[in-house]
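Here the structure comes first, spelled out in structure tokens, and everything after it is commentary.
The values are calculated or read from the model by the stated rules, or taken from the named source; none is laboratory data. Because the structure is a prediction, the values reported are computed rather than measured. For neighbour counting, all protein chains shown are included, and Cβ atoms are generated from backbone atoms with ideal geometry for every residue, glycine included.
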Amino acid sequence: MKFVKIPSPNFDKKERTLKYIIIHYTGMKSQKVAIKRLQSKVAKVSTHYLISKRGVIYQMVKDQHVAWHAGKSRWGSDKNLNLKSIGIELVNKGDEKFPYLQIKSLCMLIKYLKNKHKIQKKHVLGHSHIAPGRKADPGIHFPWKKLSNQKLSNNH
Ligand SMILES: [Zn+2]
């Protein structure tokens, strides 16, 4: 897959096994503001991928590096999900519907990442799943059903 590279300095280099994909929305007023924040050494946040409303996929941190997107988080017995996950940010103020092209790109990206890193379908989660009460993204407009209808599964 082709990605537009817009590197973020916010990541750690660590040996790791990938187990999760975590979906977010940016929750910012514009894509430009969101990217600026995801590259800010002061904000200390980042993501592996960001998908524009038109479906352009930007890569900000390499898959093998630890991006800073999940914060305090847990799923089952796993804590600090940043260590084992890939983060995907969708440009969205938080209360907007997700455009078709954005979701189409997300589905393609997830399929690609799942195959590449052998990630199970049940480990494709939202930020709200791993940080309940603290985080609401990707929110009520996020089409989980579309995601599972797209045959993303590899018999998991
Ligand atoms: Zn989030």
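Among the residues of segment 53-89, what is the count of those that are touching a helix residue (DSSP H, G or I) at 6+ places or on another chain (Cβ under 6 Å) and over 24 Å from T17 (Cα atoms)?
The number of residues fulfilling the criteria is 3.
Tell me, yes or no, whether segment 114-122 has at least one residue that is aliphatic (A, V, I, L, M), part of a helix (DSSP H, G or I) and under 16 Å from the mean Cα position of the chain (by Cα).
No, segment 114-122 contains no residue that is aliphatic (A, V, I, L, M), part of a helix (DSSP H, G or I) and under 16 Å from the mean Cα position of the chain (by Cα).
Within segment 79-97, which residues are within 16 Å of I51 (Cα to Cα) and either within 12 Å of the ligand (Cβ to nearest atom) or surrounded by fewer than 21 Cβ atoms within 10 Å (Cβ to Cβ) (or both)?
At the first step, the residues of segment 79-97 found to be within 16 Å of I51 (Cα to Cα) are 86-94, 96-97.
Of everything in segment 79-97, those that are within 16 Å of I51 (Cα to Cα) and either within 12 Å of the ligand (Cβ to nearest atom) or surrounded by fewer than 21 Cβ atoms within 10 Å (Cβ to Cβ) (or both) turn out to be G87, I88, E89, L90, N92, K93, G94, E96, K97.
Scan segment 78-98 for residues that are closer than 24 Å to Q39 by Cβ and either part of a strand (DSSP E or B) or out of contact with any Phe, Trp or Tyr (no Cβ under 7 Å at 6 or more places or on another chain) (or both) and jot them down.
Answer for segment 78-98, where residues must be closer than 24 Å to Q39 by Cβ and either part of a strand (DSSP E or B) or out of contact with any Phe, Trp or Tyr (no Cβ under 7 Å at 6 or more places or on another chain) (or both): N80, L83, S85, I86, G87, I88, E89, L90, V91, K93, E96.
Give the residues of segment 22-78 that are away from the ligand (no atom under 16 Å from the Cβ), of a type in the set (V, I, T) and touching a residue at least 12 places away in the same chain (Cβ under 8 Å), sorted by residue number.
Once the filter is applied, which keeps residues that are away from the ligand (no atom under 16 Å from the Cβ), of a type in the set (V, I, T) and touching a residue at least 12 places away in the same chain (Cβ under 8 Å), segment 22-78 yields V56, I57.
Taking the criterion of being assigned to a helix (DSSP H, G or I), surrounded by 23 or more Cβ atoms within 10 Å (Cβ to Cβ) and either modelled with pLDDT of 95 or more or within 12 Å of the chain's Cα centre (by Cα) (or both), would at least one residue in segment 44-53 satisfy it?
No, segment 44-53 has no match at all.
Any residue in segment 59-77 that is of a type in the set (K, R), within 20 Å of F3 (Cβ to Cβ), touching a Pro at 6+ places or on another chain (Cβ under 7 Å) and not in a helix (DSSP H, G or I)? Break it down into steps so the answer makes sense when it comes.
Restricting attention to segment 59-77, the residues satisfying the condition of being of a type in the set (K, R) are 62, 72, 74.
Narrowing the set further to residues that are within 20 Å of F3 (Cβ to Cβ) leaves 62.
Those still in the list that are touching a Pro at 6+ places or on another chain (Cβ under 7 Å) too: none.
No: segment 59-77 contains no residue that is of a type in the set (K, R), within 20 Å of F3 (Cβ to Cβ), touching a Pro at 6+ places or on another chain (Cβ under 7 Å) and not in a helix (DSSP H, G or I).
So, in segment 127-146, of the ones that are within 8 Å of the ligand (Cβ to nearest atom) and in contact with a strand residue (DSSP E or B) (Cβ under 6 Å, 6 or more places away or on another chain), which residue ends up farthest from Q102 (Cα to Cα)?
H127
Regarding I35, is this residue farther than 15 Å from Y58 by Cβ, among the hydrophobic types (A, V, I, L, M, F, W, C) and not in a loop (DSSP other than H, G, I, E, B)?
Judged against the criteria, I35 is not a match.
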